[in-house]
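Read through the structure below, which is laid out as structure tokens, and then see the notes.
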Amino acid sequence: MVVKVRGGIITDQMLAGNLRYLEIDEGAAGFSFALGGYPSDNFTAPADNYEEQAASATIDNAGSGYAVGDVVTVSGGTLASGGSASTFTVAAVDSGGGVTRVTLLNAGDYQISPDNPVPTTTGGGGTNCVLNVSYTGVIAVLGTNRFVAARQPVPNSAVEQVCEVITQKATIVQVALMPLAEGASFQVAVANTGFGWNVADDDLRDAIRALGTITVPYLTSAGDTVDLSAVTVTERFLYNGLNN
Amino acid sequence: MVTRVNGGVINNQVLTGSLRYFLLNAAAGEPGPFEYTIGPSDQQRADWAVVVDGGAGFVVGDIGLTLQAVGGTGTAAEFEILTVEDGQVTSVKVAAGFEGDYSVIPANPVATDYKGAVVNVDWSSRVIVLGYTLPDGNDYFVGVDAPVPYSAAERVLEVMSQKATIVNIALLAGTQEILVVCESTGFGWDVDNNDLRDAIRALGTFTVPDDTNTGVTADVTALTVTEKFFNDGISP
């Protein structure tokens, strides 16, 4: 007689049963522009594809000895190829020459922006002004004059349009933008409960392929085109482990 | 000005934010303490057999003899003849000590090596639940692919679940590692400060089930906890 004695907290559901993992592969680099700026610290994209620029700054430490009109330069970070550091003009000071407001002079161009709070160097006589800088990516939102903030989802990206198809019959729990082949593929974790696609029969693949060639946000306001007509969908399994 | 335009179905929560992944490595040689987390499919034994074809030519004197299972890969199971009627076997039981040990079990119905008798067999793994016996005095065996109670993995996850909700676990190819997926919400361990690692290590050494009556000693005193990231991707 088979005696199945239940474990304590380990359940059949826990044994890789709650989630399913799918890898969507476009074959080129169509999934590159899913996030503004760097998608993650683990992402190694071409330097000229993901750049961040300063957008504004607040004062973290006023310093002293500054005068209105001085130019302070942000320290740190990794500059994009041919890029420059962000600079701000001192717009207001207190009685001791402490900076109380700055305005953006040069947005700069970073591969990896400096972590806040950011020390500065000065072209004037002041010292110890420290800023908290907000950065934006350089991906243009189609149909607007706006750019997507660093590490924020890019609306109508190829990843997003594919995920919208997946969500017709599945609940997406996580999306992984992977450092594989420079944006050729991404992975999603979906809830097993209510998963309605028959991946083995390629119905999800075909539904994504039916999107055909789409226009997605890019570094320019005109966007770029991505061809999804040859996308592949492969189920992955957690029990093979995570790469690292 | 930073313009934060929210995407449609993609939000920060799905961008690796809702789940966290941890690799627990016992830092011991193989086989590690997680070897018997579920009843293994490559160590199966016969638990129960019922006659589906009694064959022909059996006599009362055959009672007590054994029929050997045909097929599968491994040590064959044997079935003791209990009753015979009109030349046919009508009931058998798995012969004590001859439950077999299969890496690949024969499919039901299972042929036997004597006078055409055929049986259907229920199988379990060879993992024994320590400290428990059936009413007839026999050991408890864990079902194939079923969680092994009081396994090292279970003991470790009990610690982890004190401050986390475990969603999935993954048994990796090796038996010294296990991958755990937790909900990010309510996760109370400070992994960077090794509090989870230290809490697990405090379990020390303990006895866990294996395929013997005495179990085997598991040692988690050198276990490491490493956070993994979904955006590293799932291996093929």
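The figures follow:
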quantity	calculated
Full-stretch length increase - A:SER64, A:ASN132 - with 0.36 nm per residue and alpha-carbon distance subtracted	22.8 nm
J(HN,Hα) series, the range A:155-171, from Karplus relation 6.51 cos²θ - 1.76 cosθ + 1.60, nearest Hz, glycine and proline x	x, 6, 5, 4, 4, 5, 5, 5, 5, 5, 5, 4, 5, 4, 9, 7, 9
Spin-label pair A:THR100/A:ALA184, simplified geometry with 7 Å Cα→Cβ offset, distance in nm	5.7
Choice from B:PRO135, B:PRO31, B:PRO109 with maximal GNM fluctuation in chain B (Cα, 10 Å cutoff)	B:PRO135
For the range B:1-100, radius of gyration divided by Kirkwood radius, i.e. Rg to Rh on alpha-carbons	1.46
Order of A:MET14, B:MET160 - criterion: other Cβ atoms within 10 Å of each residue's Cβ, fewest first	A:MET14, B:MET160
Karplus (6.51, -1.76, 1.60) ³J(HN,Hα), θ = phi - 60°, over the range B:215-227, in Hz, Gly and Pro reported as x	x, 9, 8, 9, 10, 10, 6, 10, 4, 10, 10, 10, 6
Cβ-based net charge around B:PHE58, under 12 Å, with every Lys or Arg adding one and every Asp or Glu removing one	-3
Hypothetical label at B:LYS93: residues of the range B:58-74 whose amide nitrogen lies under 15 Å (7 Å Cα-Cβ projection)	B:63-67
The range B:44-126, relative contact order [Cα under 8 Å, separation at least 6], %	43
Surrounding net charge for A:ALA189, when Lys and Arg each add one and Asp and Glu each subtract one, Cβ distance under 10 Å	+2
Sequence of A:ILE24, A:ILE59, B:ILE105, B:ILE169 once ranked by neighbouring C-beta atoms within 10 Å, starting from the fewest	A:ILE59, B:ILE105, A:ILE24, B:ILE169
Relative contact order [Cα under 8 Å, 6+ residues apart], chain B, whole percent	28
Potential lengthening between A:ALA210 and A:TYR239 on full extension [0.36 nm per residue; Cα-Cα distance subtracted]	7.3 nm
Range of Cα positions in the range A:52-139 per principal axis (Å), largest first	40, 19, 17
Label-reachable residues, the range B:199-228, where backbone N falls under 15 Å from a point 7 Å from B:ASP190's Cα toward its Cβ	B:199
Stokes-Einstein translational diffusion, the protein assembly as shown - Kirkwood Rh over all Cα pairs, 1.306 mPa s, 10 °C, in µm²/s	59
Proximal aspartates and glutamates relative to A:LYS169, as straight alpha-carbon distance under 12 Å, when same-chain residues fewer than 8 apart are discounted	A:ASP203
Tail beyond 22 Å, pair distance distribution of the range B:44-126 (Cα, percent)	16
Least to most buried among A:PHE195, A:PHE147 (fewest other Cβ within 10 Å first)	A:PHE195, A:PHE147
Scaled radius of gyration (Cα, divided by 2.2 N^0.38 Å) that chain A gives	1.33
Cβ-Cβ FRET estimate between B:GLU183 and B:ASP86, R0 fixed at 51 Å, reported to 0.05	0.25
Rg in Å to one decimal, and Dmax rounded to a whole Å, for chain B via C-alpha atoms	24.5, 95
Net lengthening on full extension, A:LYS169/A:ASN116 (0.36 nm per residue, minus Cα-Cα)	15.0 nm
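Since every read-out is calculated from the coordinates, none of them should be taken as a lab result. Because the structure is predicted, anything quoted here is derived from the model rather than measured. Backbone-built Cβ (ideal geometry, glycine too); neighbour counts: all protein chains shown.
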